[in-house]
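Okay, structure first, notes after.
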Amino acid sequence: MTSVLALETSCDESAAALVSRRADGRFDVQSARIASQVEEHARWGGVVPEIASRRHVEALPGLIEQVLGESGSTIADVDAIAATVAPGLAGALMVASVTGRTLSALHERPFLAVHHLEGHLASVHLAEHRPQPPYLVLLVSGGHTELIRVEADGGMERLGRSHDDAAGEAFDKVARLLGLGYPGGPAIQAAAEGGDGSRFTLPKGRISLTEGGFHPYDFSFSGLKTAMLRTVEAQDSPLPTADLAASFEQVVVDVLVERSLRCATDHGLEELVMVGGVAANHRLRRTLQLRSAAVGVRVSVAPLAYCTDNAAMIGAAALLRWERGARGCSWRTGVSARWPLGQADQLYNEQPAF
């Protein structure tokens with residue numbers, strides 16, 4: 001087996017995992033630990049970067065010790081050490097990056113710098129069924145909503161994206177509008193149970209093309225947020241919160257599923273993969289499975305445990321890179337808050353990308 005100790009601190013989840021690749025190609029998460037900061041940041045309605053960085057410093061050493069102890073391993077037993085270096089909160093990224101590079105240098109193990117979104121794309125490989133490329137990925141998380149084509153050689157091409165808020169950000173903002181908790185995705189999902197998703201008519205935001213018409217795959221959620229605000233303002237007290245939440249959730253699900261399946265069929269891709277924190281939404285998972293069967297597209301979804309930020313997905317991404325010949329990155333590699341996924345290959349050049 002090839003094994004990687006992986007670290008993740010890009011936002012508000014401190015995480016460590018030991019992930020191995022078996023001879024048959026399957027991934028084995030030997031141990032994975034997460035220290036969540038959700039309750040602390042909930043008081044502020046969103047992530048406070050300074051608090052996040054401090055909590056990572058406090059939590060990460062203990063998580064590493066737990067992961068190694070639970071797996072019965074030492075750092076001498078692993079083949080490489082991986083850490084998220086981009087994108088994310090710069091101060092938060094530094095914690096895993098510096099820790100990973102330090103352990104790598106001290107124990108003479110290769111260091112693999114991992115792009116956070118590449119980690120999300122790799123999370124589906126932690127499921128029982130591994131998709132066979134080429135396939136389309138719907139990456140839908142708190143900060144990103146993108147459609148990405150993945151090739152057999154690991155090449156990635158973005159075919160669609162959000163032009164304003166990501167779906168996860170829209171969930172957070174609408175949850176705050178409805179007086180629900182943080183993070184918004186789970187709060188709206190809970191509030192929508194038993195609600196009538198057809199009660200309120202809400203817009204499916206589209207992106208205009210300069211030559212006329214609309215982009216078939218791109219997303220926009222700003223108009224939907226505005227429509228929700230006006231709808232809420234027009235209601236009598238008490239608010240029909242369940243119906244409002246269900247109507248909002250339903251239109252987001254419809255947009256994501258319709259454009260993803262259209263993109264897959266237009267490009268002749270027979271498999272659609274869904275990853276990211278919003279991929280944990282029950283209505284989205286059910287709707288995608290149901291509608292994909294009608295158009296002959298297979299669906300693979302990341303396991304629920306690995307949809308939100310975690311270190312196991314970072315380990316999987318590092319192992320996929322290892323499989324394609326990557327044997328380490330420069331110890332001088334820094335961090336970047338906004339490094340595009342299309343330039344992830346540059347992390348493995350001899351000279352640091354940043």
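The values are calculated or read from the model by the stated rules, or taken from the named source; none is laboratory data. Treat the numbers as computed from the prediction; the structure is a model and nothing was measured. Heads up, the Cβs are rebuilt from the backbone with ideal geometry, glycines too, and the neighbour counts pull from every protein chain shown. With ligands, DNA and RNA removed, areas are computed over all heavy atoms of the protein, side chains included. Shrake-Rupley method; radii C 1.70, N 1.55, O 1.52, S 1.80 Å.
Tell me the label only: which of (i) 87, 54, 44; (ii) 64, 46, 37; (iii) 75, 48, 34 is Cα extents along the principal axes in Å as calculated from this structure?
Of the labelled values, this structure produces (ii).
Rank-order 70-79, 175-184 by packing density, defined as the average count of other C-beta atoms within 10 Å over each peptide's residues, highest first.
Values: 70-79: 15.0, 175-184: 19.4.
Descending packing order for the listed peptides: 175-184, 70-79.
Run the simple label-point estimate for Arg286 and Glu323 please: 7 Å along Cα→C-beta, distance reported in nm.
Each label point is offset 7 Å from its Cα along the Cβ direction, giving 3.3 nm.
FRET efficiency for Ser330 and Thr2, Cβ-Cβ distance as r, R0 = 22 Å, nearest 0.05? Intermediate values should be presented prior to the final figure.
On the way: r = 21 Å, r/R0 = 0.95.
Plugging the Cβ-Cβ distance into 1/(1 + (r/R0)^6) gives 0.55.
Only helices at least 20 Å long along their axis, Cα-based, and averaging -1.0 or more on Kyte-Doolittle count here, so list those DSSP H runs from the chain.
The qualifying helices are 49-71, 90-107, 241-266.
FRET efficiency for His215 and Gln66, Cβ-Cβ distance as r, R0 = 41 Å, nearest 0.05?
Details: r = 46 Å, r/R0 = 1.12.
That pair, His215 with Gln66, gives E of 0.35.
Have a look at the range 121-166 and give its Rg and Dmax from the Cα atoms, expressed in angstrom.
11.4, 34
Using a 7 Å offset from the Cα along the Cα-to-Cβ direction at both Asn349 and Leu229, what is the distance between the two label points in nm, to one decimal?
About 4.2 nm separates the two model spin labels.
How much of the calculated P(r) for the range 1-84 lies past 22 Å, in percent of all Cα pairs? Don't skip to the end; give the middle numbers.
Working: 1104 of 3486 pairs.
Of all Cα-Cα distances in the range 1-84, 32 percent exceed 22 Å.
Using only Cα atoms, locate the centre of the range 169-209 and the centre of the range 304-354, then give the distance between them in Å, rounded to an integer.
33 Å
Is it possible to state the helix-based mean residue ellipticity at 222 nm for the chain, with each DSSP H run of 4+ residues giving -39500 (n - 2.57), the sum divided by total residues, to the nearest 500 deg cm²/dmol? What is it? Spell out each step's value before the answer.
Details: 10 runs with 137 residues, N = 354.
So the calculated ellipticity at 222 nm is -12500 deg cm²/dmol.
Probe radius 1.4 Å, ligands and nucleic acids ignored: give me the carbon and sulfur share of the accessible area of the chain as a rounded percent.
Numbers: 7400 of 15000 Å².
Of the solvent-accessible surface of the chain, carbon and sulfur hold 49 percent.
Hey, what's the chain come to in accessible area per residue, 1.4 Å probe, Å²?
On the way: 15000 Å² over 354 residues.
Value returned for the chain: 42 Å² of accessible area per residue.
Residues with amide H under 5 Å of Val299's amide H, sequence separation 5 or more or different chain, H placed in the peptide plane at 1.01 Å from N; which?
It is Leu272, by chain and number.
Taking square-rooted eigenvalues a ≥ b ≥ c of the alpha carbon gyration tensor, is the range 82-181 rounded, prolate or oblate, where a/c under 1.5 means rounded and, failing that, a/b exceeding b/c means prolate? Before the final figure, lay out the partial values.
Details: a/c = 2.35, a/b = 1.25, b/c = 1.88.
Here the range 82-181 falls in the oblate category.
How much length is gained if the chain between Glu128 and Ala42 is pulled fully straight, taking 0.36 nm per residue apart and subtracting their Cα-Cα distance, in nm to one decimal?
On the way: separation 86, 0.36 × 86 = 30.96 nm, distance 3.37 nm.
Working it through step by step, the gained length comes to 27.6 nm.
Can you give me the distance in nm between label points at Leu106 and Ala190, each placed 7 Å from the Cα along the Cα-to-Cβ direction?
3.9 nm
Based on the mean of other Cβ atoms within 10 Å per residue, sort peptides 244-250, 325-331 so the most packed one is first. Each step should come with its number before you reach the end.
Working: 244-250: 24.7, 325-331: 15.7.
Those peptides, ordered most packed to least, come out 244-250, 325-331.
How high is the relative contact order of the range 20-107, in percent, with contacts defined as C-alpha pairs under 8 Å that are six or more residues apart?
On the way: 57 pairs, mean separation 23.0, N = 88.
Relative contact order, the range 20-107: 26 percent.
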